[in-house]
Amino acid sequence: MMNASMHANDSVFLPELFYRHSAAMTAVYCIAYLLVFAIGIVGNFFVIAVVFRSPRMRTVTNFFIVNLAVADILVIVFCLPATLMSNIFVPWMLGWWMCKTVPYVQGVSVAASVYSLVAVSLDRFLAIWWPLKCQITKGRARIMIMLIWCVSLTITVPWAIVFDMVRIYSDVPEVQLCMEVWTDPIDGSFYFLMVNFGFGYILPMILITMCYVLIYIKVWKRHIPTDTKDAQMERMQQKSKVKVVKMLVAVVILFVISWLPLYAIFARIKLGGEIEQWEEDILPIATPIAQWLGASNSCINPILYAFFNKKYRKGFVQIIKSRKCCGRLRYYETVAMMSSSTSMRKSSHFYNNNSSKKGPPITDTTVSYISNNTGV
């Protein structure tokens with residue numbers, strides 16, 4: 001861009017003033033972003049459909065997962081096309097209104113995503129440490145989701161204010177960028193450090209890590225006696241909770257990895273002082289890759305759900321087979337019957353081995369209920 005500006009007087013139609021990359025690299029960017037767009041839209045809509053078309057999937061954890069899917073859809077629809085265009089063209093091509101809207105929506109959706117992950121971690125922590133006392137009910141979950149969006153909409157308001165169209169070449173008015181314009185650069189650095197990086201990334205990650213460390217201490221270190229009448233049910237319940245925790249930990253780890261490079265780049269630009277020459281050569285290459293990596297997080301979660309969770313996996317298949325956008329899914333009954341059959345065999349063996357002990361027998365219905373109603 002600096003070299004192009006030296007020749008701006010010769011011609012305002014120099015490709016360097018309008019296109020960032022060659023045609024081949026532009027094609028690579030288009031394919032990469034279209035892949036994320038397609039997988040993210042279809043996968044997240046499937047997640048939402050599975051939960052709302054299957055009454056038994058409407059658990060507190062799944063409500064937060066749906067909220068995460070909604071935030072991912074916002075990123076995909078509003079931010080992915082704009083980010084792609086900004087990586088193809090030098091000037092901002094979408095106008096003043098989208099210059100205000102896109103950064104704000106991206107900030108809101110990323111904040112809603114990370115706060116949803118915090119809520120999921122808190123829900124799993126309470127479910128495992130105090131399963132019969134401190135539980136997040138569905139009503140409380142709805143209130144928490146509303147608070148998540150209210151906080152996300154509020155803390156990112158400065159982005160809608162400070163982003164504006166900026167002319168970078170006085171003799172080429174067509175070339176304008178969408179940039180942050182702070183009256184005092186220190187204010188911009190402080191806002192990024194405290195709000196975007198602190199409350200939007202570091203603090204949530206600390207809370208999430210604490211929750212899962214405590215979950216690990218409770219679940220993996222817990223010894224379940226083998227000679228009690230409730231041992232079989234407790235093992236089944238623990239096994240189900242462990243599966244859910246593994247899936248959610250994978251979601252959090254990939255979220256951290258996906259957004260860390262972009263946050264690191266922003267931190268270097270805003271807080272690291274003057275940019276060195278070698279950094280000026282690397283940033284134009286590293287920034288688009290980091291942006292794509294952050295955006296790709298919006299399509300990863302449905303893949304994780306399908307990989308870790310049998311109910312989501314079968315729900316996705318049933319949606320494809322049903323070829324309907326609404327209506328109740330019947331797949332859950334099949335999953336419940338299979339789980340019930342396995343539970344009956346296990347509980348029957350356990351009951352026969354403990355029939356001589358005192359206390360009421362453990363019925364197949366009870367064991368099946370615990371197996372089918374733990375976690376997601």
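The values are calculated or read from the model by the stated rules, or taken from the named source; none is laboratory data. Everything numeric in this text was worked out from a predicted model, so none of it was measured. Please note: Cβ atoms are built from the backbone with ideal geometry, for glycine as well, and neighbour counts cover all protein chains shown. For accessibility, only protein heavy atoms count, side chains too; no ligands or nucleic acids. Shrake-Rupley method; radii C 1.70, N 1.55, O 1.52, S 1.80 Å.
Taking the centroid of alpha carbons for each part, the range 171-214 and the range 43-103 are 19 Å apart. For the range 265-307, the residues whose backbone nitrogen is under 14 Å from a point 7 Å from the Cα of residue 42, taken along Cα to Cβ, are 299-300, 302-303.
Spin-label model, residue 268/residue 194: points 7 Å from Cα along the beta carbon direction are separated by 2.7 nm. Could you tell me which of rounded, prolate or oblate describes the range 80-127, using a ≥ b ≥ c as the square roots of the eigenvalues of the alpha-carbon gyration tensor, with rounded for a/c under 1.5 and, failing that, prolate when a/b is larger than b/c and oblate otherwise? Prolate shape, in that a/c is at least 1.5 and a/b is the bigger ratio.
Subtracting the Cα-Cα distance from 0.36 nm times the residue separation, let me have the gained length for residue 174 to residue 161 in nm, one decimal.
On the way: separation 13, 0.36 × 13 = 4.68 nm, distance 2.26 nm.
Here the segment from residue 174 to residue 161 would lengthen by 2.4 nm.
Ordering 141-153, 164-176 by mean Cβ neighbour count within 10 Å, with the highest value first, yields 141-153, 164-176. Rolling a 1.4 angstrom probe over the protein heavy atoms with all chains in place gives the range 49-201 an accessible area of 44 Å² per residue.
If each residue of separation counts as 0.36 nm, what is the full-extension length gain between residue 146 and residue 323 once their alpha-carbon separation is subtracted? Write out the running numbers ahead of the final one.
Numbers: separation 177, 0.36 × 177 = 63.72 nm, distance 3.19 nm.
Extending this stretch completely gives an extra 60.5 nm.
Distance between the 7 Å Cα→Cβ label points at residue 218 and residue 133: 1.1 nm. Annotation for residue 209 and residue 277: the two label points, set 7 Å from Cα along the Cα-Cβ direction, are 3.8 nm apart. Ranked by the mean number of other Cβ atoms within 10 Å of their residues, highest first, the peptides 301-314, 278-291 come out as 301-314, 278-291.
Beyond 21 Å in Cα-Cα separation lie the following of the pairs 218/243; 138/246; 246/314; 243/311; 218/314; 138/314: 138/246; 218/314; 138/314.
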